[in-house]
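Right, one structure below, let's go through it.
The values are calculated or read from the model by the stated rules, or taken from the named source; none is laboratory data. This structure is a prediction, so every number in the text was calculated from the model and none was measured. So basically every Cβ, Gly included, is an ideal-geometry build from the backbone, and we count neighbours across all protein chains shown.
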Amino acid sequence: MANHKSALKRIRSNEAKRLRNKYQHKTTRNAVRNLRALEDKKEAEALLPKVVAMLDKLAKNNIIHANKAGNLKSKLTKHVAAL
């Protein structure tokens, strides 16, 4: 058990951040999956900027590595271009 007030606060804030990060990461993974499943080029082109923005935000907040975000963006852009 924590011995300091600041340690208790840190435990609470860490849990809140963990849940928020988990939610954002899962939402982005679902968006990537949905974009990969699309067959219509117009829909995919409309969804791509939103997914790219989500990936950039995760990378900025260190939820995922910046290179992972870049690789995903590259693959998704190629996928949309090939439709």
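In the range 1-26, what residues are over 14 Å from the mean Cα position of the chain (by Cα) and either of a type in the set (A, V, I, L, M, F, W, C) or not in a helix (DSSP H, G or I) (or both)? I'd like the intermediate steps shown before the answer.
Pass one, the range 1-26, residues over 14 Å from the mean Cα position of the chain (by Cα): 1-17.
If the condition is that a residue be over 14 Å from the mean Cα position of the chain (by Cα) and either of a type in the set (A, V, I, L, M, F, W, C) or not in a helix (DSSP H, G or I) (or both), then MET1, ALA2, ASN3, HIS4, ALA7, LEU8, ILE11, ALA16 are the ones that fit.
Evaluate the following for ARG29: is it in contact (Cβ under 8 Å) with a residue 12 or more places away in the chain, basic (Lys, Arg), surrounded by 12 or more Cβ atoms within 10 Å (Cβ to Cβ) and part of a helix (DSSP H, G or I)?
Considered against the rule, which asks whether it is in contact (Cβ under 8 Å) with a residue 12 or more places away in the chain, basic (Lys, Arg), surrounded by 12 or more Cβ atoms within 10 Å (Cβ to Cβ) and part of a helix (DSSP H, G or I), ARG29 comes out as no.
State all residues of the range 8-34 that are hydrophobic (A, V, I, L, M, F, W, C) and within 15 Å of ALA69 (Cα to Cα); if no residue qualifies, say none.
First, pick out the residues of the range 8-34 that are hydrophobic (A, V, I, L, M, F, W, C): 8, 11, 16, 19, 31-32.
Scanning the range 8-34 gives ALA31, VAL32.
Does at least one position in the range 49-59 carry a residue that is among the acidic types (Asp, Glu) and modelled with pLDDT under 95?
Keep residues of the range 49-59 that are among the acidic types (Asp, Glu), which gives 56.
Pick out the ones that are also modelled with pLDDT under 95 and you get none.
Within the range 49-59 (the criterion being among the acidic types (Asp, Glu) and modelled with pLDDT under 95), the answer is no, since none of the residues qualifies.
If I filter the range 32-41 down to residues being within 17 Å of the chain's Cα centre (by Cα) and free of Cβ contacts under 8 Å to residues at least 24 places away in the same chain, which single residue comes out as surrounded by the fewest Cβ atoms within 10 Å (Cβ to Cβ)? Walk me through it before giving the result.
Looking only at the range 32-41, we keep the residues that are within 17 Å of the chain's Cα centre (by Cα), and these are 32-36.
So of that shortlist, the ones also free of Cβ contacts under 8 Å to residues at least 24 places away in the same chain come out as 33-34.
Values: ARG33: 9, ASN34: 13.
Here the residue is ARG33.
Has the range 59-66 got any residue that is out of contact with any Lys or Arg (no Cβ under 6 Å at 6 or more places or on another chain), assigned to a helix (DSSP H, G or I), basic (Lys, Arg) and surrounded by 12 or more Cβ atoms within 10 Å (Cβ to Cβ)? Give the steps one after another, and end with the answer.
Residues of the range 59-66 that are out of contact with any Lys or Arg (no Cβ under 6 Å at 6 or more places or on another chain), as a first pass: 59-66.
Next, only the ones that are assigned to a helix (DSSP H, G or I) stay: 59-60, 66.
Right, trim to basic (Lys, Arg) and you get 60.
So of that shortlist, the ones also surrounded by 12 or more Cβ atoms within 10 Å (Cβ to Cβ) come out as none.
No.
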